[in-house]
Amino acid sequence: MQTEHKIIIANSQQMPELSDSSIHLMVTSPPYPMIKMWDAQFAALNPQIANLQQELDTTGKEETVTKIYDAMHETLARTWRETFRVLIEGGIACINIGDATRTVNDRFRLFPNHSRVIEHCEKAGFTTLPYLLWKKPTTKPKYKGKGAFLGSGFLPPNAYVTLDCEFILLFRKGKLRKFPPKDPHRYESAFTKKQRDEWFTQIWDITGTRQTASQLERRIASFPDEIVNRLIRMFSVKGDTVLDPFLGSGTTIKLAMQNERNSVGYEADKTLLPLIKKKTASHATNCKLTVIKRGN
Ligand SMILES: C[S@@+](CC[C@H](N)C(=O)[O-])C[C@H]1O[C@@H](n2cnc3c(N)ncnc32)[C@H](O)[C@@H]1O
């Protein structure tokens, strides 16, 4: 099957290139609020966050941290609202997100990003579905850069639990998706019993896939192919269109190509374009790839 793929170099808070109800599935992993590596990008996307970060540096007020956390989620929520607009009735949105921990003014705190994303998506109109937990190689919470156990060894009570799962949140727009009876694309897209039993269980233990990732892919926290492959196979049929509004290295387009789905990816950082092209190039048989730079 011939499929079409678009890389759009632009901010996905607005997606004027896409009409209402034109997308069947969204699969994405946004920048995670309160994870240091994404602070600068949130500040660039939202000047209010840049101002608050400055205020925090000068005043050290704890309430400013909460304001930053709120503003980061509001920044992401604009994309969730746009996604709701472009999805078809019954379309599914899959959002990979991890919680964050940070110490401010000697107070160690958890920032439960997954619950904020659920709240914003519900407000945008989505229905929350049972979600997946991706068990990954451990990210130990750090306190003053010293690691999770604070030098307490085996003594209670000051050590922290390790955050070794990320969330893959699942949402639906509206009612169940409808198909004509015996729809050939739907039947051609069936999964096996073994795949169903493995994929529809809540905990996905997917490790080691990143060992092959380049340094740049690691820097932007690209997700493993296997996660995207499963989500595309579970929640779309051949010939559908899959959207990734935070495209990064292009994993979603690559897996859409492999699975005979069309795709659209938005990426704000134009320096990632060569990486995206490289990642998708070898899968391009029967795939038409277009690059759009908004404003050009
Ligand atoms: C966590 S990375 C995505 C990694 C991706 N899943 C992969 O496998 O490579 C998030 C990406 O979203 C991009 N980004 C952040 N905010 C954006 C926005 N508002 N519009 C478009 N892209 C955005 C960042 O530049 C970054 O490349």
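Points to keep in mind about this one:
- Close amide H partners of PHE111, meaning residues 5 or more places away or on another chain with modelled amide H under 5 Å apart, are ALA100, THR101, ARG102.
- For GLY90, distant residues with modelled amide H under 5 Å away: LYS173, GLY174, LYS175
- A helix-only calculation puts the chain at -10000 deg cm²/dmol for mean residue ellipticity at 222 nm, using -39500 (n - 2.57) for each DSSP H run of at least four residues, averaged over all residues.
- Expressed to the nearest 5 percent, the antiparallel share of DSSP beta bridges inside the range 1-128 is 50 percent.
- Gap separating the Cα centres of the range 35-98 and the range 264-283, nearest whole Å: 23 Å
- 0 to 90° range, to nearest 10: angle between helix 113-124 axis and the chain longest Cα axis: 50 degrees
- The mean sequence distance of close C-alpha pairs (under 8 Å, at least 6 residues apart), as a share of the length of the range 224-287, puts its relative contact order at 33 percent.
- The range 8-134: relative contact order in percent, alpha carbon pairs under 8 Å with at least 6 residues between: 34 percent
- Integer Hz, Karplus 6.51/-1.76/1.60 couplings in order for the range 214-221, x for Gly and Pro: 6, 4, 5, 4, 5, 4, 9, 6
- Taking other Cβ atoms within 10 Å as a rough exposure proxy, CYS121, CYS165 sort from fewest to most as CYS165, CYS121.
- Net dipole in debye of the chain [+1 Lys, Arg Cβ; -1 Asp, Glu Cβ; about Cα centre; nearest 20]: 520 debye
Rule-based calculations on the coordinates, nothing more; no lab input. Fair warning: this is a prediction, and the values are worked out from it, not measured in the lab. Glycine also receives a Cβ, built like all others from the backbone with ideal geometry; neighbour counts cover every protein chain displayed.
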